[in-house]
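**Q** Below is one structure. I have some questions about it.
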Amino acid sequence: FVEVSSASVMGPTQHRDGPVRPGAPVNPVDVYTRSKAAAEAVVAESGLDSCALRLAAVMPSYVGLGPVLGMIRVIYDMPLEARCEIVYDADVAHALVSAAENLRGSGEMRGRTGFIAGGAGNGCQIRIRAMFEGAFGPMGLALPRDELFPDDLGSYYLDWYDTAEVQSILGYQNHTF
C-alpha cells in the first residue's frame with residue numbers, strides 16, 4: 001500500500017534551513033495538514049506493507065489555460081520569495097508505480113516515508129516567483145504585482161525537500177524545470 005500525502009503535512013518550514021528531511025517531525029497546523037498526518041498514522045499502524053510518499057508542488061506536464069485557472073485560486077496565498085520545490089506529474093506517476101512495484105518486490109520502500117519532488121540537480125528547487133514565471137511566461141502572461149502576494153514566508157507550506165534516498169530507490173526524477 002502506497003500512502004500518498006502532501007508535503008504540506010510538514011507545516012511551516014521556511015524558518016528552518018532547507019532542505020526538509022524525511023525524518024523531520026511533522027507540524028500539522030490546520031484541518032488539511034492534520035488530516036494528512038492522521039492518514040499517514042492510520043497507514044503506518046495498519047500492519048500493511050506500505051510506504052508514505054509526500055508530494056511536493058505537482059506541476060502538470062502540459063501547462064494550458066485549465067491548470068493556470070486552477071492555480072489562480074491559490075496563487076495569492078503564496079509568498080513570492082518562499083522556497084518551493086516542484087515535481088512534474090509524469091515523475092509522480094513514475095514514483096508511485098515504482099513504489100508499488102518495490103513493495104511487492106525487493107521491499108526497500110517498506111515502512112519508509114519520503115518526499116516525491118523534482119530534485120535540486122534538476123533545477124526544481126526554486127522560489128515561488130520562479131515557479132509562477134515558468135508557468136505563466138510561456139503563455140505570454142506577466143506575473144501580477146508583488147504587493148498582491150503575502151510577505152510572510154511561513155504563510156504557505158512549501159519548501160525544498162531531501163529526496164536522495166527515495167530517488168536512489170525509485171529513480172523517478174526524470175524531468176528538469
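The values are calculated or read from the model by the stated rules, or taken from the named source; none is laboratory data. Just so it is clear, the structure is predicted and the values come from calculations on it, not from any experiment. Glycine gets a Cβ as well: all are built from the backbone with ideal geometry, and neighbour counts include every protein chain shown. In case anyone asks, the SASA skips ligands and DNA or RNA and just uses the protein heavy atoms, side chains included. Shrake-Rupley method; radii C 1.70, N 1.55, O 1.52, S 1.80 Å.
**Q** With a cut-off of 8 Å between alpha carbons and a minimum separation of six or more residues, what is the relative contact order of the chain in percent? All intermediate terms of the calculation are to be shown ahead of the outcome.
**A** On the way: 313 pairs, mean separation 59.7, N = 177.
34 percent.
**Q** What angle do you read, to the nearest 10 degrees and between 0 and 90, between the alpha-carbon axis of helix 31-45 and the longest principal axis of the chain?
**A** Once rounded, the angle reads 20 degrees.
**Q** In degrees, nearest 10, range 0 to 90: what is the angle between the Cα axis of helix 65-75 and the longest Cα principal axis of the chain?
**A** Approximately 90 degrees, to the nearest ten.
**Q** If ligands, DNA and RNA are left out, what is the accessible area of H94 with a 1.4 Å probe, given in Å² to the nearest 10?
**A** 70
**Q** Still on this model: Over the alpha-carbon set of segment 103-172, work out the extent along each principal axis and list the three values in angstrom, largest first.
**A** Projected onto its principal axes, the Cα set of segment 103-172 covers 50, 28, 19 Å.
**Q** So, one more: Just how much of D91 is accessible, in Å², when a 1.4 Å probe is used and the result is rounded to the nearest 10?
**A** Here the accessible area works out near 0 Å².
**Q** With a 1.4 Å probe and all protein chains in place, put R73, R112, R54 in order of accessible area, largest first.
**A** Order by accessible area, largest first: R73, R112, R54.
**Q** Measuring with a 1.4 Å probe in the full set of protein chains, what accessible area per residue, in whole Å², belongs to segment 60-177?
**A** In whole numbers, segment 60-177 has 50 Å² accessible per residue.
**Q** Now, a different point. On a 1.4 Å probe surface of the protein chains, which of S168, S155 comes out largest in accessible area, and what is the full order?
**A** On the way: S168 90, S155 50 Å².
Most to least solvent-accessible, the answer reads S168, S155.
**Q** If you don't mind, another one. Out of the total accessible area of segment 71-154 (probe 1.4 Å, heavy atoms of protein only), what percent is carbon and sulfur? Mind dumping the intermediate values first?
**A** On the way: 2110 of 4070 Å².
That fraction is 52 percent.
**Q** Okay, next question. Given a Förster distance of 30 Å, report the FRET efficiency between F1 and Y76 from their Cβ-Cβ distance, rounded to the nearest 0.05.
**A** That pair, F1 with Y76, gives E of 0.25.
**Q** If the chain were replaced by its equivalent ellipsoid, with semi-axes equal to the square roots of 5 times the Cα gyration tensor eigenvalues, what would those be, largest first, whole Å?
**A** Equivalent ellipsoid semi-axes, largest first: 28, 19, 14 Å.
**Q** Next up: Could you state the principal axis extents of the C-alpha atoms in segment 32-116, from the largest down, to the nearest angstrom?
**A** Principal-axis extents of the Cα atoms in segment 32-116, largest first: 41, 28, 22 Å.
**Q** To continue, here is another question. DSSP loop chymotrypsin sites (Phe, Trp or Tyr not before Pro) in segment 1-80 with at most 11 other Cβ atoms within 10 Å of their Cβ, which ones?
**A** The qualifying sites are Y62, Y76.
**Q** Let me check I've understood the local charge: for V58, count other residues with C-beta under 10 angstrom from its C-beta, Lys and Arg +1, Asp and Glu -1. What total comes out?
**A** So the surrounding residues net to -2.
**Q** Here's another thing I want to ask about it. Accessible surface of E40 in the full protein assembly, 1.4 angstrom probe, to the nearest 10 Å²?
**A** Per-residue accessible area (E40): approximately 30 Å².
**Q** Continuing with the same structure: Once the dipole of the chain is set up with Lys and Arg at +1 and Asp and Glu at -1 on Cβ about the Cα centre, which of A38, A135, G11 lies farthest towards its positive end?
**A** A38
**Q** Whole angstrom only: what separates the Cα centroid of segment 48-94 from the Cα centroid of segment 100-115?
**A** Answer, in whole Å: 23.
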